[in-house]
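Below: one structure, written as structure tokens.
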Amino acid sequence: MATGFYSHADCLQHEMGQWHPECPARLQAIEDQLIASRIGELIERESAPLADEAALLRVHTKAHVDYLRARSPQSGYAEIDPDTSMNPHTWTAALRAAGAAVAATDAVIEGRYDNAFCSVRPPGHHAEPARAMGFCFFNNVAIAARHALEVHKLERVAIIDFDVHHGNGTEAAFSNDARVLMCSIFQHPFYPFTGADNQAPNMCNVPIAARSKGMVVREAIDMIWLPRLDAFKPQMLFVSAGFDAHREDDLGNMALVEDDYAWITQQIRLVADKYAKGRIVSCLEGGYNLSALGRSVVAHVRALADI
């Protein structure tokens, strides 16, 4: 099974201050673990292109795109919200992150890869159509999913989100869109305090209590996600792959381990093999303990590549 691995050095240039957990070292930690595990030799590396404005506008308002472009500073930082800011390289990094997701979607649909992982930052799933927030500027997975629907004319896609935080931006982009089924697990109550109530019919959000271990999450996926995915029969799956529900990650308070991420990915792959010709595009979201992040991504990519 051929797995594409999309990244770009520009994604290392975005940073929001030395104190900030969403830091360039996250991608370096992933690279270190890929080398240590030796699976880096078994995946196909691709350089992420810049997303064009047309791709962004399939999800985001023009006012939002123009606002971020205008806010991009010549030096220092431009604050977007109390924990989200831009440096002079953020705009380009955000275009690379979204561009990776779009390019991976093209490659998987065209059959060059069975699936792909985008090792990119900034992350995306909190970015709403008209608002950047929660470390996120453009919603990479939403942009990729909309590209599959509107450019490649797929009729049904599923979005899987296992970050410790609810993907409020993705839900805002696709709520009540019958072409999209979003399945998510997230710690609740927790930032951004959305997802548990008033779900649209195409949302399958499963709030999980703090301190929950992997068996709780596996049972929820087995009993709630998988029947919905079987009924929906997606033609492609997109993954918001956040690893901050790991027991070593201080930004969440859940207790998943690498084996849980491998199991979740295997379930996603089984659905993709059954209904979607194996087509999966996964994009990095959270994960802030550097060692746990690197190990978890290796487990995820191993399961994607079936190695």
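The values are calculated or read from the model by the stated rules, or taken from the named source; none is laboratory data. Quick caveat, the model's predicted, so the values are computed rather than measured. Ideal geometry is used to build each Cβ from the backbone, glycine not excepted, and the neighbour counts take in all protein chains shown.
Among the candidates Ala172, Ala178, the residue that is among the small types (Gly, Ala, Ser), under 16 Å from Arg228 (Cβ atoms) and touching a residue at least 12 places away in the same chain (Cβ under 8 Å) is uniquely Ala178. Answer yes or no as to whether Asn198 is free of Cβ contacts under 8 Å to residues at least 24 places away in the same chain and polar (S, T, N, Q). It is true that Asn198 is free of Cβ contacts under 8 Å to residues at least 24 places away in the same chain and polar (S, T, N, Q). Of all residues in the stretch 145-156, none are assigned to a loop (DSSP other than H, G, I, E, B), under 15 Å from the mean Cα position of the chain (by Cα) and of a type outside the set (Gly, Ala, Ser). Consider the stretch 157-177 and keep the residues that are more than 15 Å from the chain's Cα centre (by Cα) and of a type in the set (S, T, N, Q). The one that is farthest from Met254 (Cα to Cα) is Asn176. Screening Val164 against (1) over 16 Å from Ile264 (Cβ atoms); (2) modelled with pLDDT of 95 or more; (3) in a loop (DSSP other than H, G, I, E, B) leaves a single unmet condition, (1).
Quick one: in the stretch 104-130, which of the residues that are surrounded by fewer than 24 Cβ atoms within 10 Å (Cβ to Cβ) and closer than 22 Å to Leu68 by Cβ is nearest to the chain's Cα centre (by Cα)? Give the steps one after another, and end with the answer.
Taking the stretch 104-130 as the starting set, the residues that turn out to be surrounded by fewer than 24 Cβ atoms within 10 Å (Cβ to Cβ) are 106-107, 109-112, 114, 128-130.
Next cut, closer than 22 Å to Leu68 by Cβ only: 128-130.
Details: Glu128: 14, Pro129: 16, Ala130: 19 Å.
That would be Glu128.
This table checks each residue for (1) surrounded by fewer than 22 Cβ atoms within 10 Å (Cβ to Cβ); (2) under 18 Å from the mean Cα position of the chain (by Cα); (3) among the aromatic types (Phe, Trp, Tyr).
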residue: Leu229; (1), (2), (3): no, no, no
residue: Phe238; (1), (2), (3): no, yes, yes
residue: Ala241; (1), (2), (3): no, yes, no
residue: Asn253; (1), (2), (3): yes, no, no
residue: Ile268; (1), (2), (3): no, yes, no
residue: Ala272; (1), (2), (3): no, yes, no
residue: Asn289; (1), (2), (3): yes, yes, no
residue: Leu293; (1), (2), (3): no, yes, no
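As a summary of the residue check, Ile264 satisfies the conditions (1) in contact (Cβ under 8 Å) with a residue 60 or more places away in the chain; (2) over 26 Å from Ala25 (Cα atoms); (3) aliphatic (A, V, I, L, M) except for the one numbered (2). The set of residues in the stretch 131-157 being within 21 Å of His89 (Cα to Cα), surrounded by fewer than 24 Cβ atoms within 10 Å (Cβ to Cβ) and of a type in the set (A, V, I, L, M) consists of Met133 alone.
In the stretch 77-93, which residues are in contact with a strand residue (DSSP E or B) (Cβ under 9 Å, 6 or more places away or on another chain) and of a type outside the set (S, T, N, Q)?
Residues satisfying the conditions are Tyr77, Ala78, Glu79, Ile80, Asp81, Asp83, Met86.
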